[in-house]
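Reading through the structure tokens given below for one structure.
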């Protein structure tokens, strides 16, 4: 059982969305993917989705500098922990990192794009939209 309240909520929402016929489709792989996320990785994924979702900029695309300055301190992550979180999200095909040469670094992370799987997982791990009569 998860010790983290946020992760417990993700699991409960995933189950609830699997039972409710709503907009959040729960793919059979989502429980496995969620089990491979640390709490701060799930929270980072949700924050990226939310920021991109409400942004008037290109949908689902978030500059990594904005993500780091906006969420790294909030989540209390070191540079190394943030980079590991991004790498794990990419390993699970939840985000696509875009790297370019910058300041002499050939692999400088400039942008993250949420994948369709990443977007769908975030929606499935959020509270279900229940009908008004419930």
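The values are calculated or read from the model by the stated rules, or taken from the named source; none is laboratory data. Because the structure is a prediction, the values reported are computed rather than measured. With ideal geometry, Cβ positions are generated from the backbone for all residues, glycine too; neighbour counts draw on all protein chains shown.
Taking every residue in the range 78-96 that is in contact (Cβ under 8 Å) with a residue 60 or more places away in the chain and pairing it with any residue that is assigned to a helix (DSSP H, G or I), at least 6 positions away or on another chain, the pairs with Cβ-Cβ distances below 7 Å are 94/45; 94/117; 94/118; 94/121.
Where helices (runs of 4 or more DSSP H) fall wholly inside the range 1-94, the ranges with 3 or more residues that are modelled with pLDDT of 90 or more are 5-19, 30-35, 39-54, 79-91.
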